[in-house]
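Remarks on the structure that follows.
Computed from the coordinates by the stated procedures, all read-outs in this text should not be read as laboratory data. In this text the structure is predicted, and so the values were computed from the model without any measurement.
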Amino acid sequence: MTVKDTQLTETVAALTAAVAGHVRALRTARGWSLDELAGRSGVSKGMVVQIEAARTNPSVGTLVRIADAFGVTIARLLEPAEERTVRVSDAETAPKLWQGSDGGFGRLLRGMNDPSFVELWEWHFTPGERHTSENHMPGTREVLHVLEGTLTLTVDGTDHTVTAGQTIDFLADRPHTYKNPGPERTRLMMLAIVPNTEWDRRNP
């Protein structure tokens, strides 16, 4: 195993442990059982048990559901507990929460929980790659700025073409898909603004 592989393994293990600790702490602080969190998030009880035991590396979709149930950002589940007035970090150290089949990725650069819930993402899509996201918490908005290439954003079954230098914003509380339809790489920055409230998916 190379040094890079070892560092990647250690990073994944650290993130898995952080998620396990935060999910368990947030759940117990609210007095929720495993069944209650499973019901509110729409994530199976078995998966919740695996997450709290740090025995799985949950997908971005699973993290979104759990974060929404608690009314926090994904970053809240990933980052250390200590608060810092100023924080500078390298993009290469940001967790890649989505990996495309041909080398694309989506990584969470930063998230804030106070006073508003905001997440900053970087996305890369190789030609033909796509990522479909289910509906987020009601009222969630996303702002995308395309840096390179062309993006096709599908919302409610309607395609929207966004080219380099253009920005699009939309309500992300409905299923949506990002796709690179062109022959070159598509790179974009995404800002997600999430309502500051818990969401019980059993109560639409």
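Expressed as a rounded percentage, what relative contact order does the chain have, with Cα pairs under 8 Å and six or more residues apart?
21 percent
Could you identify which residue out of Arg187, Arg40, Arg30 has the top mean-square fluctuation in a GNM of the chain using Cα springs shorter than 10 Å?
Answer for the Gaussian network model of the chain: Arg30.
Please identify the DSSP H helices in the chain that span no less than 24 Å along the helix axis (Cα) and have a mean Kyte-Doolittle hydropathy of 0.0 or more.
Helix filter hits for the chain: 3-29.
When the chain is treated as a GNM, springs tying every alpha-carbon pair under 10 Å, which of Trp123, Trp32, Trp98 comes out with the largest mean-square fluctuation?
Sorting by GNM fluctuation, first place goes to Trp32.
Work out, in µm²/s and without decimals, the Stokes-Einstein translational diffusion coefficient of the stretch 91-194 at 20 °C, 1.002 mPa s, Rh from Kirkwood over C-alpha pairs.
Working: Rh = 13.8 Å.
Reported coefficient: 156 µm²/s.
Report Rg(Cα)/(2.2 N^0.38 Å) for the chain, keeping two decimals.
Dividing the Cα Rg of the chain by 2.2 N^0.38 Å gives 1.03.
How big is the Cα convex hull of the stretch 29-122 in projection, averaged over all directions, in nm²?
On the way: hull surface 28.8 nm².
Directional mean of the projected Cα hull area for the stretch 29-122 stands at 7.2 nm².
Report Rg(Cα)/(2.2 N^0.38 Å) for the stretch 3-78, keeping two decimals.
Working it through for the stretch 3-78, the quotient is 1.08.
With an 8 Å cut-off on Cα pairs and a minimum separation of 6 or more residues, tell me the relative contact order of the stretch 3-78 in percent. Walk me through the intermediate numbers first.
Working: 63 pairs, mean separation 27.1, N = 76.
With pairs under 8 Å counted, the relative contact order is 36 percent.
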